[in-house]
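Let me begin by presenting the structure, written as structure tokens, before commenting on it.
The values are calculated or read from the model by the stated rules, or taken from the named source; none is laboratory data. Computed from a predicted model, the values in this text were never measured in an experiment. Methodologically, a virtual Cβ is constructed for each residue, glycine included, from the backbone with ideal geometry; neighbour enumeration extends over all protein chains shown. SASA here: full protein model, heavy atoms, side chains in, ligands and nucleic acids out. Shrake-Rupley method; radii C 1.70, N 1.55, O 1.52, S 1.80 Å.
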Amino acid sequence: GYAPICLGLEDFYIRRLYLRIQDCFGRPIASAPDAWFDVVERYSNDNNKTLKRTDKISRCLNLGSYNYLGFAAADEYCTPRVIDSLCRFSASTCSTRVEGGTTTLHKELEECVANFVGKPAAVVFGMGYVTNSAILPVIIGRGGLIISDSLNHNSIVNGARGSGATIRVFQHNTPSHLEKVLREQIADGQPRTHRPWKKIIVVVEGIYSMEGELCKLPEIIAICKKYKAYVYLDEAHSIGAVGKTGRGVCELLGVDTADVDIMMGTFTKSFGSCGGYIAGSKELIQYLKYTCPAHLYATSISPPAAQQIISSIKVILGEDGSSRGAQKLARIRENSNFFRSELQKMGFEVLGDNDSPIMPIMLYNPAKIPAFSRECLKQNVAVVTVAFPATPLLLARARICISASHTKEDLLKALEVISQVGDMVGIKYFPAEPNKQQQDQQQQQPGKDTIKLD
């Protein structure tokens, strides 16, 4: 007599596609997610319906973790301080921030984050996803308008839906369409009553996680100023990873942080920890601390995780007394641009912009997801493949994430393996560029059809 829990379409996808290729997802690891890590081997006796772990591990090159600056593994500056904080504060505060869960580390972390991103104040949360999904319903509600990029993250989508505000979508990273949507909505006003909107918030991301593209932030900010709309910037993948000093897309694109009303980011990528933050005016942050359920009811970020973030920011800024932070930022930029250009030369269709550490390789055909993933794993290269529902059904891709901890040898090995597998699977959709030796030979040797004139 119960209603079905699963929808028919979801059930069809799980039975017909996911169950057959689920060995490509959720692979357990048995070490820190550094440049190389240990992947636990699994097997199935029932055509992949169930997977069983073995005691065997494979040492694989890690091209899937968000370890952009290499802080996910042991660090000479961060790790000793994290261990000290674990001994001093324990692994959890076992309380919310407003009761017994605010330590001196939390206060220091919020000041550190605010200074780092260039805002007067900040508030931190224990989970990055919740930072979006719990904040949006607090800052806007009925009578308000959220204009969201069509490819924004699911946490933004759920936060917008939970707010009760009217939601409109503009074409991905297209400022001209954003302006068109804004003009139409301001002219029409609220549904039925046509009263003016109480508040308009435009929500964009710094780097789009499935596309690797940088946001066209200067143009979007100019439009929002023109129409008196607030700007909400999600820097989950950009903060710490891009910009001369790691301060994200605002620094990279020359945008004044005062022009961004709400800055959001997470600590799970560049900082090797967990949680998220909101940075803005002191009035905004004070309001969020009084009203946001993620602050009032959720357990606060663990003290060792907070210490890891503080220490990693100090390394990035050079406050540890070394130049390792600047070296890490230079290395991830060089690694990302080198890897992207080499993939494109091979003939792969690679999405995204220069300086972005995310580079999706388009697979398209769902059948190529398991083929690409399994063949790479056989050669000890671990890649992440992304399929429906995270992307449209026929836009499957392999998402490569580059780290500052990758050496040149690591990248060359990865390129060699990916090139071989790309030929095998048939995903080189463009003609490969001839290398320098081939070009020199072609210039030195006249072609068969060349006619020599005396």
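Quick notes
- Some residue of the stretch 338-359 being in contact with a Cys (Cβ under 9 Å, 6 or more places away or on another chain) and in a loop (DSSP other than H, G, I, E, B): yes
- Selection within the stretch 19-51: residues that are among the basic types (K, R) and outside any helix (DSSP H, G or I). The member of this set that is surrounded by the fewest Cβ atoms within 10 Å (Cβ to Cβ) is K49.
- Taken over the stretch 409-438, residues that are without any contact (Cβ under 8 Å) to a residue 24 or more places away in the chain and either within 16 Å of L363 (Cα to Cα) or among the basic types (K, R) (or both) amount to 2.
- Extreme residue, farthest from A298 (Cα to Cα), among residues of the stretch 109-135 that are open to solvent by 30 Å² or more (accessible area, probe 1.4 Å) and part of a loop (DSSP other than H, G, I, E, B): G118
- Residue in the stretch 92-108 that is in contact with a strand residue (DSSP E or B) (Cβ under 6 Å, 6 or more places away or on another chain) and surrounded by 15 or more Cβ atoms within 10 Å (Cβ to Cβ) present: no
- All told, F372 falls short of being open to solvent by 80 Å² or more (accessible area, probe 1.4 Å) and either in contact (Cβ under 8 Å) with a residue 24 or more places away in the chain or hydroxyl-bearing (S, T, Y) (or both).
- Only residues that are within 13 Å of D75 (Cβ to Cβ), open to solvent by 10 Å² or more (accessible area, probe 1.4 Å) and of a type outside the set (S, T, Y) were counted in the stretch 317-326, giving 2.
- Hits in the stretch 141-162 - residues which are open to solvent by 10 Å² or more (accessible area, probe 1.4 Å) and of a type outside the set (G, A, S): R142, L151, N152, H153, N154, V157, N158, R161
- Yes/no for A330 being under 20 Å from the mean Cα position of the chain (by Cα) and small (G, A, S): yes
- Counting only strands (runs of 3 or more DSSP E) that sit completely within the stretch 162-238, those holding 1 or more residues that are among the acidic types (D, E) correspond to 199-205, 230-234.
- In the stretch 242-252, the residues that are open to solvent by 10 Å² or more (accessible area, probe 1.4 Å) and in a loop (DSSP other than H, G, I, E, B): K244, T245, R247
- Taking residues in the stretch 175-192 that are closer than 21 Å to N152 by Cα and exposed (fewer than 13 other Cβ atoms within 10 Å of the Cβ), and partners anywhere that are among the aliphatic types (A, V, I, L, M) and modelled with pLDDT of 95 or more, the pairs with Cβ atoms closer than 9 Å and at least 6 places apart or on different chains are S176/I223.
- Some residue of the stretch 285-302 being closer than 27 Å to H106 by Cβ, among the polar types (S, T, N, Q) and without any contact (Cβ under 8 Å) to a residue 40 or more places away in the chain: no
- When each of S302, S312 is tested for being assigned by the TED database to the domain that holds T93, of a type in the set (G, A, S), open to solvent by 10 Å² or more (accessible area, probe 1.4 Å) and within 30 Å of F89 (Cβ to Cβ), the lone residue that passes is S302.
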